Every structure is written in structure tokens, then in C-alpha cells.
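The next block holds one structure in the form of C-alpha cells; read it before the comments.
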Amino acid sequence: MARITASVYTSHVPAIGTALDLGKSGEPYWQPVFKGYEFSKKWLADNTPDVIFLVYNDHATAFSLEMIPTFAIGCAAEFQPADEGWGPRPVPVVKGHPELAAHIAQSVIQDDFDLTIVNRMDVDHGLTVPLSLMCGQPAQWPCPVIPFAVNVVQYPVPSGRRCFNLGRAIRKAVESFDAPLKVQVWGTGGMSHQLQGPRAGLINREWDNAFLDRLIADPDALAQVPHIDYVREAGSEGIELVMWLIARGAMSDSPPTVKHRFYHVPASNTAVGHLILENT
Amino acid sequence: MALDKPYKDIPGTTIFDADQLRLGYHLNQFCMSLMKAENRARFKAGERAYLDEWPMSEEQKLAVLARDLNWCIRLGGNIYFLAKIGATDGRSFQQMAGSMTGMTEEEYRDMMVSGGRSVEGNRRLGEDGDAQPQHQPQGRAGRKEAN
């Protein structure tokens, strides 16, 4: 049977991808950001899973306003890096895992979560920047990736509680897959940031760190935090953090081992947060 | 029953809800078209003519031509869509976000390097933080425009 071995949480700021792609990662501005992921790259190299289930949001890339799925699971064999307006990032094509993705879709939909099945989709920085942070600049990504896109652009976005419960359903689905795969679930986006209006640039270090504490130790209670609290305290785009609760819900009910924790302000407009949790 | 909008009392913030979507549908779909290199080239070659291909309001077109992102957002634009205009212009997300505060690029960058904008005084309308309506514009860029 497949099992979930660990979860990774990270911001997915587009400027981080740009800094890497343009060879600026050694600049004083970016050094502290990438330093926070040095351990993580080594950890992933030592603990490469068979599949990464990567929770992220599409930033008006694959989904325009024509169709806005709340939860979309990528079931294709591969996904191209998208041209978001600056040209596509020079990163490897993302190979999927159609069998496991289809299995998860079947199990989770029958568990009452209405996923949208996507068989063709380009993936934007929300998915490729976490891979770059965790893998550096390889010729190909270390394993297949199942993209799982969550709508956090068009209000209303799913609640933290629903995301957390969805994570549990994903765990159940993975554990019933009939092959001995090691699966990691990654939750991405956040932390506090606001990209619009006169309140742009909002950062809330205290709230972010309390979020990290509670995500580790008390995710059930954290999942009850309403949408409005994220927006008010962590900025309009801080709402992306609900996606971390999907990854956390996919972890075992026993307390996880905290392998790594990192927090840094700023990367462009955003507070960068990062955690690696292993199932014990 | 009207839609519940608990987020209306946050200063300097527009939540992209169903009403905003209806207002900005064509504006945002125009932005979406800029994800194709050939469309970016056509837009740059003749902005007004390109905009006229879209069923947008005259005011939305003027807001795009002015690159006034706050104005675009008032007319239903969403930042992730509007970012495609910035990308076409070769601007970064930080330049775009900063442009909505009235700060110069340098002022905004300095604010971020110093830890970002504080939430204190900026949680609810009626408080006294720097994002409140009574404190706009916030920087030299905005004051220059006002003169």
C-alpha cells in the first residue's frame, strides 16, 4: 500500500523563481531566502518520494474567469510550465502520475469532495517555484508530481476546515492505493502578503509564526479560523495559507517530527514560511 | 438575502467577489489574452486598437492605458489578471504592488526590506494606520502626481 511519509510547506513567490532563473540567488537580497532551503534540498535528495502531491493555486493561468474550479486534480501524464506573461520559466516539464491521481480522484470524490478532473493544464509559478526551492535547478524533477490546484483567487475560497478535511480524505485515498509508493504532500502559498491596493505590502510576522506553531501542534483548531481572519491579519493574498491545511490534514493523527522550520521577510512582497514535517 | 460581505471594512483592500467579477469580467479576460506572446506584441503595437477589440467599458480602457491599477481594481480588475499587463510592460510584481500605494519603487522596496507594512491600525476602517483612506497617497510618487 502507498503511504504518506512527509509534508512540506512553502511560499511560492514568483520573484524567487525569477531570481533563480536569472542567476541572482547569490545576491545579498536573495541569499537569506535560499539559505533557508539548503537543508531542505539535502533532505529531499535523501528522502526523495515516489510521488509528490503538490497543493498550490493557479494565478489566473490555467483557469481564467471562464471556469473556476474550487479543487482541481491534474491527472495528465505531463504538465508544461506556463507562460504567465513573462514567458515560460526555463524549468523541466512536470511529469504526472496519472494512475495515482485517478485513484485519488475516485476515492476523494466518493468521499464527498467534488474535485474537478483536469487532463490538460499548464502549471504556473505556484507549482514550479516550490519545486525549484526544494530541488534547485535539475535537468528533470526528481519524481512525478500530481498538481492539485485550489481556488484562492475568486471569493469565496474554501474554508480552512474544508481544506483540512480534504487532506484527511487524500490520506485515506493514498493509503488505499495498491502499490508501495512513498508519497509526500506539499502545501504551498502564503505567508502573509497583500498585492493590491493601498494596503499592499502588509506583513504580519507574529500571526505567521503563530500559524506555524498551530499548524504543527494544533491543526484541528487552526482549521477553524475563518476566512476573514486570514484577510484581515495576513493580507488579501495571505488567504493562500488555507492550502497548507490540506497537506497537514494528509498527515497522520500522531504528532509529526519537525525536520525544518524557516521564516524570512521579505521576498518581494511576501513573508516566506517553510516547514518540513515527517510522519513518525 | 444579500451576499454577506464581512470583508468590506478592511482599508485599502478589495476582495474579488462575484460582484467584482461581474464588473470586471471582460477587463480580466483582456488581461488573460496577454499570456500569448503574439497578443502581447499586438497590444504593444497599438494599445487602444487592441483594447477596442474587447467589450470593456470606456473607463476600463482608460484605466488600462493609464496603468492605474487601483483604478482597474475599482472597475473589477483582479491583481493576478492585471499582472499580465505588468508582465507585458516588463514590470515585476513588486513594482506593480508598490504602484498602488503612492510610494516610489524605492520607498516601497525599503518598506518591505524593513519588515513590510504593519497590520496595526490597518485592520479596520476608522483606525489610523498608513493604509487608511485619510493617509493616501503614502509616498513621494503619489504626491508628485497630485501636484
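Laboratory data are not the source of any read-out in this text; all were calculated from the coordinates shown. All figures in this text were calculated on a predicted structure; none of them were measured in a lab. Positions of Cβ are generated from backbone atoms using ideal geometry, with glycine treated the same way; all protein chains shown enter the neighbour counts.
List of remarks:
- Acute angle (nearest 10 degrees) that the helix B:79-88 long axis makes with the longest principal axis of chain B, alpha-carbon atoms: 60 degrees
- A cut-off under 11 angstrom between Cβ atoms defines the neighbours of residue B:36, and their net charge, with Lys, Arg +1 and Asp, Glu -1, is +1.
- Net charge over other residues, Cβ less than 12 angstrom from the Cβ of residue B:23 (K, R count +1; D, E count -1): -1
- In this structure the amide hydrogen of residue A:57, modeled in the peptide plane, comes within under 5 Å of the amide hydrogens of A:150, none closer than 5 places in sequence on its chain.
- Three-way shape label, the stretch B:101-146, alpha-carbon gyration tensor, a/c 1.5: oblate
- Placing pseudo-labels 7 Å out from each Cα toward the beta carbon at residue B:23 and residue A:217 gives an inter-label distance of 4.3 nm.
- Share, in percent, of DSSP beta bridges within the protein assembly as shown that are antiparallel, nearest 5: 45 percent
- Taking each of A:41/A:182; A:41/A:259; A:24/A:95; A:182/A:259; B:36/B:84 in turn, the alpha-carbon distance tops 20 angstrom for A:24/A:95.
- Shielding by partners - mean other protein chain Cβ count within 10 Å, residues of B:93-100: 6
- Look at the alpha carbon pairs under 8 Å that are at least 6 residues apart: their mean separation over the length of chain A gives a relative contact order of 31 percent.
- Kirkwood-Stokes translational diffusion coefficient of the stretch A:3-278, alpha-carbon pairs, 20 °C, 1.002 mPa s, µm²/s: 117 µm²/s
- Surface/4 of the Cα convex hull for chain B, nm²: 10.3 nm²
- Axial C-alpha extent at least 20 Å, average Kyte-Doolittle at least -1.0 - helices from chain A (DSSP): A:160-175
- Around the amide H of residue A:189, modelled in the peptide plane, lie the amide H atoms of A:10, A:11, A:12, all under 5 Å away and 5 or more residues distant in sequence or on another chain.
- Computed from phi, the 3J(HN,Hα) profile of the stretch A:265-280 under the Karplus parametrisation 6.51, -1.76, 1.60 (θ = phi - 60°) reads 10, x, 10, 6, 9, 10, 8, 8, x, 7, 9, 10, 10, 10, 6, 8 Hz, with x in place of Gly and Pro.
- For residues of A:51-60, the mean tally of beta carbons on other chains within 10 Å: 2
- Taking the square roots of 5 times each eigenvalue of the Cα gyration tensor of the stretch B:16-90, largest first, gives ellipsoid semi-axes of 19, 12, 11 Å.
- Average other protein chain Cβ within 10 Å of Cβ, residues B:108-121: 6
- Mean-position separation - Cα centroids, the stretch B:7-56 and the stretch A:93-149, in angstrom: 28 Å
- With the highest mean first, a sort of the peptides A:2-9, A:136-143, A:270-277, B:115-122 on other beta-carbon atoms found within 10 angstrom per residue produces A:270-277, A:2-9, B:115-122, A:136-143.
- Close amide-amide hydrogen proximity is noted between residue A:259 and A:276, A:277, A:278, each under 5 Å apart and 5 or more residues distant or on a separate chain (H modeled in the peptide plane; Pro and chain starts excluded).
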